[in-house]
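> Could you have a look at this structure, given as C-alpha cells, before my questions?
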Amino acid sequence: MTEKENKAVVTRFLIAAVLVGVVGAMACAVGAQEVRPDSGDQCIVCHRAEDYLPEGYGEDDVHLAAGLTCAGCHGGDPTSSDEETAMSEEAGFVGAPVKEEIPGFCGRCHSDIDFMRQYRPRIATDQLSQYRTSIHGKRLEAGDSKVADCTSCHTAHHILPAGDTRSSVHPLNVPATCDHCHGDPEYMKEYGIPTTQYDNYAAGVHGVALLEKQDTGSPACNDCHGNHGAMPPGITSIRQVCGNCHVNNMQYFVASKMGEAFAKEELHGCEECHGNHRIEKTHDDMIGIGEEAVCMDCHAEGEKGYEAARSIHDQLVSLVSAYDEAEAKRDEVERIGMDDVEIGFLMQESHQSLIQARTLVHTFDPARVGPKTEEGVAKAQEALQLAKEQIEEFGVRQRGFGMATVFITILVVALFFKIRHLDGK
Amino acid sequence: MIKGIYRWLDDRFHITPLIEFMRHKYVPVHRHTIWYYMGGVALFLFIVQVITGILLVLYYQPDEASAYESVRFITTKVSFGWLIRSVHSWSANLMVLFVFVHMFSTFFTRAFRRPRELTWVTGFVLLTLALGFGFTGYLLPWNELAYFATKVGTDITGAVPLIGKPLKILLRGGEDVTGATLSRFYAIHIALLPAIFAALLFLHLLFVQRQGMHEPEYLQRLPAERKTLIPFFPNFLLRDTLLWLMVFNVLLFLAVFFPWELGVEADPFASAPEGIKPEWYFMFMFQTLKLIPGHVLFIEGEVLGILAFGVAGVAWMLVPFWERRTRPDGRTRPVTVIGVMAIIYMMIMTIWGYLV
C-alpha cells in the first residue's frame, strides 16, 4: 500500500467515525425525547418532591410535550437542584406573572412567528393583537382583573391543542368554557349582560347539533363572536356572521328590499326573525300571516309585505302538501312490495326544491319562491302518478293471480274427478 | 298421427317396455301414503328452480358493480321479471323445506333400510347440495344482508380444522368476500351444483323406480290381498300432478303478495348492519355456534361445533348402516328418539335464533 493509499484509508475511517458519532448522538437525543417529558426537568423534580406542583398541572401539556420546560415561561435554571440558584434573578427567573401580564407573557412566543414556526409553521401569531381589540383585552388593559386572559380559556399548566377533545377550547367544550364565567350571575353582575346564553344556546338548533349530536360543523360561541378578538357581532356584521355558513340565505337577504330596509332601520338582520342564542328550528309557519308568523311583528293587513308573506306561505304549503301526499302513496307502494326506486328519486328532487324554496324565502319575493315551489309540486305529482301506477300494477298482478288461481283450480278439480274415475275402475 | 309418431319412436327407442314397466309398477295406499308425495313436490320445485333460474340468467350480471343493479332491473323493468325472481326465491326456500320433510318422513318410516341404503345416501347428498344452492344463490343479488351473511358463513368454513383456511380462500377467491367471490359463487350456483345435482337426482330417481316405494313394516306383514295398490302410471302420477298444481298456486300467491325483497346494495366498506342472520335452514347451526363458549377444554368452541355437526351429519347419512332392527319388546326404538330429538333441537335453535 502506498502512502497516498494509506492516507485515503485513514480519511475514510475518520469520516465514517464522525458519521457514526453524529448518528449515535442523534439516536440518543431522539431516545431521550421518548423518556417522560418532565423527567429531566429539575423544577418538576423538586416541585413534585415537595408536592408543590401548580394547580391543574398535566404531563401531556402541549408545551411540555414539545420540550419546553417550566423555565421556558418562568425563567430560571432547570438544571440546578439548588433552589436558590435555580430560581435566582441571575438565572433569569421571573416567577408567576400577574393577571395583567399574562397576555404579553404568552405573546412573547406566540406573537413571534420566527419562534413559533419551529413548532408549527402554519400557526397564527396574531392572537395577542386580536385579544387587545376584544372586550376582554380592552377591559384588562383598563384594569379590570375579572375578564378572561389566555389561561382562563386555555388553562395554565395543562394546555392541550384545540383539536384534542379533552381541551377546554375544543369545539365541543367551548360553550362550557365560556359559560364558566358568562353563566355565573354573581360573577357577571357588574357587567349588566344576561347570563342565560348557554342555556339558550343549548336549547337552540345549533346547541342541540353541537352538544347532543356532537356535530362539530355546528357553531360554538367563538364561531360567531370570535375567539381571541371576542366581541358581540355588530348590526352590520351579524348577517355576515350567519352568512359564513348560511351563504345563500345571506346573499338573498342582502339583495332583497328587506335587506335595504333593515340596514336603514338599523335592525339586526337574521336575529330579528330567528333570535340569537336560542335559534329555533325553522318552520313554514314562521312566514305568512298566522300567529306564529314573524312577519306580523312588523307588517299589518293591507301592506305589500302582508300580501307577500301570505303568498310565500301559500306557495310553501302547496309544495309541502303535494310532497306529503306523494310520500304517503310511496309508503303504500313500499308496503305492498312494489318498485319505489324511481318514485324515491322524484321525491328527492321535490324535497330539494322545497329546501331551495325555503332558502328563497329570504328574497321575500313571491315571484322568486313561486317557480321553485311549482317545480317541486310538479316532481311530487310525477312521483304520485308513478306511485298510483305501481299500486294499479299491483292490482293487475292480484287480478292475474286470481285468474291463474281459477284456471289452476279448474285443472285441480278436473284432475280430482279423473283420479276418482281411474280409482273406481 | 300421434300414434304414427309413437310407432316411429318406439321402433327406434323401444318405449313400450318402459311404459309397460310404469304401468305395472304399483304404489301402496295406506295411512302414510301422503309422505310419498313430499319427494315429488321437492322434485317439482327443483324443476321450477331450473326454469326460473335459466330465465334469470338471461339478465343477471355476476359482477360486483352490476349484480345488484341487474337484479333491480329484472324486478322493475323486465316483463314478469318480478314474478320470475320472486318465484325463484320462494321456490328455493320451499324446496329446501320439502327436502327436509321428505328426509324426515323417510327417516321415521325407516324407508332407508335395506335395500334402499343408497337411495338414502344420494338423497342426503342432494340435501347438502340444495343447501349449497341456497348458500351460493343468497349472495348473488349482492345486497347488504347477503354480503355480510356470506362473510360470516365463509368465516365459519375457515374454522374447519386442517382444510378450513384453504377452503375459505378457495370459496372467497381471496382473503375477503369480493367480486371474485361473487363470480365463483355464480359459477358454482349455475354450473357446478346443477351438474352434480342432476347426476345424483337421476341416480336417486332411478333407484326409486327400480326398487319401488317402500312399504311400512306393518304393511309388509299383511297378506297381498289385504293391501291396496294403485298403478304408478297414471293414478299416482296424476295425484302428484294435482299436488304440484296446488304448490304452484301457493308459489304464485307468495310471489304476488310477498314479493322477495332486494334490500340495500352491499357496501364492503360499510360496517356490518345489526341482526345479520343466515337463511332459516342454516339458523340452527348458526345459533348453536353462537351459544358454544369460546373455548371448551383445549379446543376452540367454534371448531368443536363444526366437528360435532360434521360427525352428526356423517352419522345421519350412514344411518342405514348402523341402525338396528325393531326391538322385540315393541318399545320405542333409539333411532326414532334420535330423530325426534333432532327435530326438536333444530326447531328450538331456529326459533331462538330469530328471537334473539
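The values are calculated or read from the model by the stated rules, or taken from the named source; none is laboratory data. Here the structure is a predicted model, which means the values were calculated and not measured. Neighbour counts are summed over all protein chains in view; Cβ atoms, including those assigned to glycine, are modelled from backbone coordinates with ideal geometry. Ligands, DNA and RNA are stripped out before the accessible areas are found, and what is left, the full protein with its side chains, is counted by its heavy atoms. Shrake-Rupley method; radii C 1.70, N 1.55, O 1.52, S 1.80 Å.
> Within segment A:59-99, can you find the residues that are over 14 Å from A:TYR119 (Cβ atoms), touching a residue at least 40 places away in the same chain (Cβ under 8 Å) and acidic (Asp, Glu)?
A:ASP60
> Would you mention how many residues in segment A:128-149 are assigned to a loop (DSSP other than H, G, I, E, B), within 16 Å of A:PRO97 (Cα to Cα) and open to solvent by 60 Å² or more (accessible area, probe 1.4 Å)?
Within segment A:128-149, residues that are assigned to a loop (DSSP other than H, G, I, E, B), within 16 Å of A:PRO97 (Cα to Cα) and open to solvent by 60 Å² or more (accessible area, probe 1.4 Å) number 1.
> Moving on to the next point. Among the residues of segment A:227-254 satisfying the criterion of being part of a loop (DSSP other than H, G, I, E, B) and surrounded by fewer than 18 Cβ atoms within 10 Å (Cβ to Cβ), which is nearest to the chain's Cα centre (by Cα)?
My answer is A:CYS245.
> Does any residue of segment B:249-256 turn out to be within 14 Å of chain A (Cβ to nearest Cβ), over 21 Å from the mean Cα position of the chain (by Cα), surrounded by fewer than 16 Cβ atoms within 10 Å (Cβ to Cβ) and of a type in the set (Val, Ile, Thr)?
no
> Quick check on my filter: what residues within segment A:278-296 are open to solvent by 60 Å² or more (accessible area, probe 1.4 Å) and in contact (Cβ under 8 Å) with a residue 24 or more places away in the chain?
A:ARG278, A:GLU280, A:LYS281, A:THR282, A:ASP285, A:ILE289
> For the subset of segment A:409-425 comprising residues that are more than 9 Å from chain B (Cβ to nearest Cβ) and not β-branched (Val, Ile, Thr), which member is farthest from B:PHE248 (Cα to Cα)?
Here is the first cut: in segment A:409-425, the residues more than 9 Å from chain B (Cβ to nearest Cβ) are A:410, A:413-414, A:417, A:420-421, A:424-425.
Applying the additional criterion that residues be not β-branched (Val, Ile, Thr) yields A:414, A:417, A:420-421, A:424-425.
Values: A:ALA414: 16, A:PHE417: 20, A:ARG420: 22, A:HIS421: 24, A:GLY424: 28, A:LYS425: 29 Å.
Taking the candidates together, the pick is A:LYS425.
> Inside segment B:1-76, counting only helices (runs of 4 or more DSSP H) that do not spill past its ends, which hold 1 or more residues that are closer than 20 Å to B:LEU131 by Cα and of a type in the set (A, V, I, L, M, F, W, C)?
Where helices (runs of 4 or more DSSP H) fall fully within segment B:1-76 and carry at least 1 residues being closer than 20 Å to B:LEU131 by Cα and of a type in the set (A, V, I, L, M, F, W, C), they are B:36-57.
> Another question about this same structure. Kindly indicate whether any position in segment B:327-334 is acidic (Asp, Glu) and surrounded by 15 or more Cβ atoms within 10 Å (Cβ to Cβ).
no
> Looking at this structure, is B:ASP63 within 30 Å of B:TYR138 (Cα to Cα), more than 14 Å from chain A (Cβ to nearest Cβ) and open to solvent by 40 Å² or more (accessible area, probe 1.4 Å)?
yes
> Now for a different question. Given the condition out of contact with any strand residue (DSSP E or B) (no Cβ under 6 Å at 6 or more places or on another chain), away from chain B (no Cβ under 14 Å), in a loop (DSSP other than H, G, I, E, B) and more than 26 Å from B:PHE248 (Cβ to Cβ), answer yes or no: does some residue in segment A:357-376 qualify?
Narrowing segment A:357-376 to residues out of contact with any strand residue (DSSP E or B) (no Cβ under 6 Å at 6 or more places or on another chain): A:357-376.
Subsequent filtering for residues that are away from chain B (no Cβ under 14 Å) retains A:357-376.
Add one more test, that the residue is in a loop (DSSP other than H, G, I, E, B), and what stays is A:364-365.
Subsequent filtering for residues that are more than 26 Å from B:PHE248 (Cβ to Cβ) retains A:364-365.
Within segment A:357-376 (the criterion being out of contact with any strand residue (DSSP E or B) (no Cβ under 6 Å at 6 or more places or on another chain), away from chain B (no Cβ under 14 Å), in a loop (DSSP other than H, G, I, E, B) and more than 26 Å from B:PHE248 (Cβ to Cβ)), the answer is yes, since at least one residue qualifies.
> Go through (1) open to solvent by 60 Å² or more (accessible area, probe 1.4 Å); (2) over 34 Å from the mean Cα position of the chain (by Cα); (3) more than 14 Å from chain B (Cβ to nearest Cβ) for A:LEU384 and report which single condition fails.
The one condition A:LEU384 does not meet is (1).
> Among the residues of segment B:192-235, write down those that are open to solvent by 70 Å² or more (accessible area, probe 1.4 Å) and basic (Lys, Arg).
Once the filter is applied, which keeps residues that are open to solvent by 70 Å² or more (accessible area, probe 1.4 Å) and basic (Lys, Arg), segment B:192-235 yields B:ARG210, B:ARG221, B:ARG226.
> Tell me which residues, restricted to segment A:173-201, are part of a loop (DSSP other than H, G, I, E, B) and open to solvent by less than 50 Å² (accessible area, probe 1.4 Å).
Result: A:ASN173, A:GLY183, A:THR195.
> Give segment B:20-48 a look and list any residue that's open to solvent by less than 100 Å² (accessible area, probe 1.4 Å) and more than 21 Å from B:LEU242 (Cβ to Cβ), or say none.
Across segment B:20-48, the qualifying residues are B:GLU20, B:PHE21.
> Moving to a separate point now. Has segment A:339-350 got any residue that is in contact (Cβ under 8 Å) with a residue 24 or more places away in the chain, within 14 Å of chain B (Cβ to nearest Cβ), part of a loop (DSSP other than H, G, I, E, B) and open to solvent by less than 70 Å² (accessible area, probe 1.4 Å)?
Yes, there is a match, as at least one residue in segment A:339-350 is in contact (Cβ under 8 Å) with a residue 24 or more places away in the chain, within 14 Å of chain B (Cβ to nearest Cβ), part of a loop (DSSP other than H, G, I, E, B) and open to solvent by less than 70 Å² (accessible area, probe 1.4 Å).
> So A:ARG120 ticks every box in (1) in a helix (DSSP H, G or I); (2) open to solvent by 60 Å² or more (accessible area, probe 1.4 Å); (3) not aliphatic (A, V, I, L, M) but one. Which box is left unticked?
(1)
Condition check ((1) without any contact (Cβ under 8 Å) to a residue 12 or more places away in the chain; (2) open to solvent by 50 Å² or more (accessible area, probe 1.4 Å)) across all residues:
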{"position": "B:TRP260", "(1), (2)": "no, yes"}
{"position": "B:ILE276", "(1), (2)": "no, no"}
{"position": "B:PHE282", "(1), (2)": "no, no"}
{"position": "B:PRO293", "(1), (2)": "yes, yes"}
{"position": "B:VAL296", "(1), (2)": "yes, no"}
{"position": "B:LEU304", "(1), (2)": "no, yes"}
{"position": "B:VAL319", "(1), (2)": "no, no"}
{"position": "B:THR336", "(1), (2)": "no, no"}
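> Same structure again: For the condition within 14 Å of chain B (Cβ to nearest Cβ) and among the basic types (Lys, Arg), what is the one hit in A:ARG335, A:ARG330?
Values: A:ARG330 fails: within 14 Å of chain B (Cβ to nearest Cβ).
So the residue among A:ARG335, A:ARG330 that is within 14 Å of chain B (Cβ to nearest Cβ) and among the basic types (Lys, Arg) is A:ARG335.
> Go through segment B:235-247 residue by residue and tally those that are under 17 Å from A:ILE410 (Cβ atoms) and facing chain A (nearest Cβ under 7 Å).
5
> Then there's this: With surrounded by fewer than 18 Cβ atoms within 10 Å (Cβ to Cβ) and not aliphatic (A, V, I, L, M) as the only criterion, which of B:GLY153, B:GLY137, B:GLY132 stands out?
Just a single option satisfies the conditions, and that option is B:GLY132.
> I need the full set of residues from segment A:387-398 which are of a type in the set (D, E, K, R) and more than 10 Å from chain B (Cβ to nearest Cβ), in order please.
A:LYS388, A:GLU389, A:GLU392
> Filter segment B:66-92 for residues that are away from every other protein chain (no Cβ under 14 Å) and surrounded by fewer than 17 Cβ atoms within 10 Å (Cβ to Cβ) and give the result.
The one that is away from every other protein chain (no Cβ under 14 Å) and surrounded by fewer than 17 Cβ atoms within 10 Å (Cβ to Cβ): B:SER66.
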